[in-house]
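Enquirer: A single structure is presented below for examination.
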Amino acid sequence: MVADKGKKSKVAEPGAEGAEPEQHIDGELVLSIEKLQEIQDELERVNEEASDKVFEVEQKYNEIHRPVFVRRAEIIQHIPNFWLTAFLSHPALCDLLTEKDQEIFKFLHSLDVEDFKDVKTGYSITFNFSNNPYFEDTKLTKTYSFNDEGTSSVTGTTIKWKDGMEHIANGDAHEKKGNKRPFAEESFFSWFSENQQKDFSEGVMDEMQVADIIKEDLWPNPLKYFNNEADEEDFDGDEDDDEETDEDGEPEDDEEDEE
């Protein structure tokens, strides 16, 4: 049977079963993704500009802070064992000092944290000591330099130990007595060794974390630690609470109560 002339063949409507997908949809999707990428690129440029402005402000106020820190240091020098007390009162730094380290810290009269002129490129931490029977140095410095990818170099003072004092760098291990904290097994002064990679406090902190805590937490306000006024939430450490809790947040008993 011949089909009637002029009768058009039926074409499936868009969306109907058997219909071919419209080709222009892919083009619209690609265009939308390209426009979205342009927006993300613009946001990235704004973020970079904002970051540069933040660094400019930080550098400006570093210059304002500097003379204030100098005045603070002059006052601290008249307070016996200020930095030793602040370290021992800090929830993280207190675990880093051996018994002999604590004796050496009694000769520490000032501590200084100073950003490079371009704050993005690094900073130094300097411990200033009076003459002491342990080492010849009066200044011990740890310096961190950064590039765009992260830490580029770490340098530290090579301590000139006096005769018979070299063993101090190996640390003094002591057992815990009563409720007192155990002394660190490794001397804090090994931290000054160039590119020191050893962990402190039984692997809880590496040497970069120690630097961050000194720079970002202790240095801005050591008085709150000297006065032992810091609340636990003041320091956002990574230490886990040793006490386990149940689902309701209550401490779990190690053993069930005997009847």
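The values are calculated or read from the model by the stated rules, or taken from the named source; none is laboratory data. Quick caveat, the model's predicted, so the values are computed rather than measured. Please note: Cβ atoms are built from the backbone with ideal geometry, for glycine as well, and neighbour counts cover all protein chains shown. Protein only, heavy atoms only, side chains kept; ligands, DNA and RNA dropped before computing areas. Shrake-Rupley method; radii C 1.70, N 1.55, O 1.52, S 1.80 Å.
Enquirer: Counting only residues that are outside any strand (DSSP E or B) and open to solvent by less than 50 Å² (accessible area, probe 1.4 Å), which one in region 131-143 is nearest to R66 (Cα to Cα)? Break it down into steps so the answer makes sense when it comes.
Expert: Of the residues in region 131-143, the ones outside any strand (DSSP E or B) are 131-134, 136-138.
Cutting the leftovers down to open to solvent by less than 50 Å² (accessible area, probe 1.4 Å) gives us 132, 134, 137.
Values: N132: 28, Y134: 31, D137: 24 Å.
Applying the filter and picking the extreme gives D137.
Enquirer: Moving to a separate point now. Could we say that T157 is of a type outside the set (G, A, S) and in contact (Cβ under 8 Å) with a residue 12 or more places away in the chain here?
Expert: On the way: of a type outside the set (G, A, S): yes; in contact (Cβ under 8 Å) with a residue 12 or more places away in the chain: yes.
Yes: the conditions hold for T157.
Enquirer: Could I ask something else about it? Do any residues in region 38-65 that are within 28 Å of N221 (Cβ to Cβ) have Cβ atoms under 8 Å from those of residues that are open to solvent by 90 Å² or more (accessible area, probe 1.4 Å) and assigned to a helix (DSSP H, G or I), where the two are at least six apart or on different chains, and which pairs are they?
Expert: Pairs found: F55/K120.
Enquirer: As an exercise: evaluate W83 against (1) assigned to a helix (DSSP H, G or I); (2) open to solvent by 10 Å² or more (accessible area, probe 1.4 Å); (3) touching a strand residue (DSSP E or B) at 6+ places or on another chain (Cβ under 8 Å) and give the number of the one condition it does not meet.
Expert: Failing condition for W83: (2).
Enquirer: Return the pairs, sorted by first residue and then second, in which the second residue is polar (S, T, N, Q) and in a helix (DSSP H, G or I), the first residue lies in region 205-231 and is closer than 12 Å to W83 by Cα and in contact (Cβ under 8 Å) with a residue 40 or more places away in the chain, the beta carbons are less than 7 Å apart, and the residues are 6+ apart or on different chains.
Expert: If the second residue must be polar (S, T, N, Q) and in a helix (DSSP H, G or I), the pairs left are Y225/S89; F226/T85; F226/S89.
Every residue, every condition in (1) outside any loop (DSSP other than H, G, I, E, B); (2) open to solvent by 90 Å² or more (accessible area, probe 1.4 Å); (3) farther than 21 Å from F226 by Cα; (4) among the aliphatic types (A, V, I, L, M), yes or no:
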residue	(1), (2), (3), (4)
K60	yes, yes, yes, no
H78	no, yes, no, no
Q102	yes, no, no, no
K117	no, yes, yes, no
Y123	yes, no, yes, no
S145	yes, no, yes, no
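Enquirer: Follow-up. Being of a type in the set (D, E) and touching a residue at least 24 places away in the same chain (Cβ under 8 Å): is that true of D118 here? Let's see the steps before the verdict.
Expert: Numbers: of a type in the set (D, E): yes; touching a residue at least 24 places away in the same chain (Cβ under 8 Å): yes.
Considered against the rule, which asks whether it is of a type in the set (D, E) and touching a residue at least 24 places away in the same chain (Cβ under 8 Å), D118 comes out as yes.
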